[in-house]
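Novice: One structure, pasted below without further comment.
The values are calculated or read from the model by the stated rules, or taken from the named source; none is laboratory data. On a predicted model such as this, the values are computed, not experimentally measured, just so you know. Cβ placement follows ideal geometry from the backbone for every residue including glycine, while neighbour counts extend to all protein chains displayed. Just the protein is used for accessible areas: all its heavy atoms, side chains included, with ligands, DNA and RNA removed. Shrake-Rupley method; radii C 1.70, N 1.55, O 1.52, S 1.80 Å.
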Amino acid sequence: MTDLAHASVAELGRLLDARKVSAVELAQAALARVEAHRVLNAFLDVRPEVTLAQARAADARRARGETGALLGVPLAHKDIFVTRDWASTASSKMLAGYMSPFDATVVANLKDAGMVCLGKLNCDEFAMGSSNENSAYGNVLNPWAMGSDGRGGPGAAVPGGSSGGSSAVVAARIAPVATATDTGGSIREPAAFTGITGTKPTYGRPSRWGMIAFASSLDTAGLMTTSAEDCALVFNAMLGFDPRDSTSLDQPREDFTRALGAGVKGLKIGVPGEFFGPGLQPDVEAAVRAALAQYRKLGAQLVDISLPNAELGIPVYYVIAPAECSSNLSRFDGVRYGHRAARYADLADMIEKSRAEGFGPEPKRRILVGTYVLSHGYYDAYFIQAMKVRRIIADEFQAAFRQCDVIMSPVTTSVAFGFGEKAADPVAMYLADLYTVPGSLAGIPSMSIPCGFGAGGRPVGLQLMCNHLEEAKMLGIAHAFQQATDWHQRVPAGY
């Protein structure tokens, strides 16, 4: 029988359909892997009794004659989505032990499809970070670089952030799929660092209802999977209009697998020169150039394009995102829910102490920056100007898509870096999202697929970006590459 740990979502669905394995057996095997690889520190909350109850329910649905590609398939959720049956903390002390009275729409949609949750995944606090070093509950390790002691010691690399737990569990084949979120690169960067497929759909395609908010005009739910095919299968159940989310796009349901066999013959691939400039490490560029050559071999055409203001993405993002963060996180005041200081003199003192104790350094930094740019006298000078440049960047993407079908670039300037290498320099850390932030500002679908290895045997990702609502097309383009290569099937030693 197929090795369950390394089976794809599609393969697991076929095994379940053929009654060669049960959802309970899959859940038990996955829970055993969770325990065997606790050293990764990827899971924050695991409740086997709830997982097995969901698995039994999935088996019962199949016994009644139900079928479905996802019915009984295990997954895990980033701890940014609220869940009724597991604690929802956003990896912050501010929400330690919080039990939500409802499921996020993304969680509910996948539960309705019969997927079985293994638990909640570690991430940067409130999804703020590029390395998963900002979690209140410790670092997640990158399965490709665990350090000389195999436990995060010298030589260990970050898994990327903020969705580091999501990327680690899929890379380690603990779960075949994990939910994630992407505000400025938090799906694509960790996917690149861990050698998996990470996909951010069009802003507004997935519901934000029940996602703990960071930057509301940018936050987008997505997936970590081993392949584009698996992502397409899960998107079929996950994406859809939600009237409870004011930013949800009222689009008809569609089959995201429909372009998986389309190939890329005649496809025009836009290659932005600005994404291959100073700062890009030679090992990453070599792997990305080789991937572009593979696409040309498959029949695609490379077209030089320009995104001249993409380099402004980082400063624009770090005005807009902290401003929205400052507004969103103001709800955590110790009054209604969240951490409350044990001792205080009055209401103002309680709020001050509760926030000082509950928030970690990175949320505090972004709250301070955001409050500053929204303050009187600076709103027009910073926030309004940043919004204007955001529109310019979005317009440049539209101009580029008139010349090409898809844009391809590196995801990151380097392979995964070591713990502590950038922690003392916030600007250096922010620059890790140099190539991912522009697409986030434009709200377009984008993804990372593994395309080789660089220094230290660490994975390299290729970024694909398509126009709004072209997820199916983008996944088909990625699938063509994955049919011709095996980078997405490579697994870290020991997993």
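Novice: Could you list, in sequence order, all residues of segment 90-104 that are open to solvent by 10 Å² or more (accessible area, probe 1.4 Å) and closer than 19 Å to Arg208 by Cβ?
Specialist: Correct list: Tyr98, Pro101, Phe102, Asp103.
Novice: Taking segment 433-450, which residues are among the polar types (S, T, N, Q) and within 16 Å of Ala192 (Cα to Cα)?
Specialist: Thr436, Ser446, Ser448
Novice: Further question: Checking the conditions here, which among Ala442, Ala484 is over 30 Å from Ile393 (Cα atoms), more than 16 Å from the chain's Cα centre (by Cα) and either buried (at least 24 other Cβ atoms within 10 Å of the Cβ) or not basic (Lys, Arg) (or both)?
Specialist: After applying the criteria, what remains is Ala484.
Novice: Look at Arg343 and say whether it is surrounded by 14 or more Cβ atoms within 10 Å (Cβ to Cβ), modelled with pLDDT of 95 or more and basic (Lys, Arg).
Specialist: no
Novice: Sticking with this one: Go through segment 453-476 and give me each residue that's touching a Gly at 6+ places or on another chain (Cβ under 9 Å) and either without any contact (Cβ under 8 Å) to a residue 24 or more places away in the chain or open to solvent by less than 30 Å² (accessible area, probe 1.4 Å) (or both).
Specialist: Passing the criteria: Pro459, Val460, Gly461, Leu462, Gln463, Met465, Gly476.
Novice: Taking segment 252-291, which residues are on the phi > 0 side of the Ramachandran plot and surrounded by 12 or more Cβ atoms within 10 Å (Cβ to Cβ)?
Specialist: The answer is Gly263, and nothing else.
Novice: Failed condition for Val427, given (1) surrounded by 23 or more Cβ atoms within 10 Å (Cβ to Cβ); (2) among the β-branched types (Val, Ile, Thr); (3) under 20 Å from Ser131 (Cβ atoms), with all others met?
Specialist: (1)
Novice: When the residues of segment 228-251 are filtered to those that are open to solvent by less than 40 Å² (accessible area, probe 1.4 Å) and among the aliphatic types (A, V, I, L, M), which remaining residue is farthest from Asn109 (Cα to Cα)?
Specialist: Filtering segment 228-251 for residues that are open to solvent by less than 40 Å² (accessible area, probe 1.4 Å) and among the aliphatic types (A, V, I, L, M), the one farthest from Asn109 (Cα to Cα) comes out as Ala228.
Novice: So for segment 165-188 (the condition being open to solvent by 10 Å² or more (accessible area, probe 1.4 Å), basic (Lys, Arg) and in contact (Cβ under 8 Å) with a residue 40 or more places away in the chain), does at least one residue qualify?
Specialist: Yes, there is a match, as at least one residue in segment 165-188 is open to solvent by 10 Å² or more (accessible area, probe 1.4 Å), basic (Lys, Arg) and in contact (Cβ under 8 Å) with a residue 40 or more places away in the chain.
Novice: Determine whether Thr412 is surrounded by 24 or more Cβ atoms within 10 Å (Cβ to Cβ) and under 17 Å from Leu218 (Cβ atoms). Walk me through how you get there before you give the answer.
Specialist: Working: surrounded by 24 or more Cβ atoms within 10 Å (Cβ to Cβ): yes; under 17 Å from Leu218 (Cβ atoms): no.
So Thr412 does not fit the description; no.
Novice: For segment 105-127, give me each residue that is open to solvent by less than 10 Å² (accessible area, probe 1.4 Å), in a loop (DSSP other than H, G, I, E, B) and within 30 Å of Ala10 (Cβ to Cβ).
Specialist: Across segment 105-127, the qualifying residues are Gly114, Met115, Asn122, Cys123.
Novice: Please count how many residues of segment 34-88 are open to solvent by 10 Å² or more (accessible area, probe 1.4 Å), of a type in the set (S, T, N, Q) and at pLDDT 95 or above.
Specialist: 2
Novice: Can we say Val303 is open to solvent by less than 60 Å² (accessible area, probe 1.4 Å), at pLDDT 95 or above, part of a strand (DSSP E or B) and touching a Ser or Thr at 6+ places or on another chain (Cβ under 9 Å)? Give the steps one after another, and end with the answer.
Specialist: Numbers: open to solvent by less than 60 Å² (accessible area, probe 1.4 Å): yes; at pLDDT 95 or above: yes; part of a strand (DSSP E or B): yes; touching a Ser or Thr at 6+ places or on another chain (Cβ under 9 Å): no.
So Val303 does not fit the description; no.
Novice: Sticking with this structure for a sec: Of all residues being free of Cβ contacts under 8 Å to residues at least 60 places away in the same chain and of a type in the set (A, V, I, L, M, F, W, C) in segment 34-67, which is farthest from Ala145 (Cα to Cα)? Just the residue, please.
Specialist: Of everything passing the filter in segment 34-67, Ala63 is farthest from Ala145 (Cα to Cα).
Novice: Okay, moving on. Tell me which residues, restricted to segment 346-383, are small (Gly, Ala, Ser) and more than 28 Å from Met99 (Cα to Cα).
Specialist: Hits for segment 346-383 are Gly370, Ser375, Gly377, Ala381.
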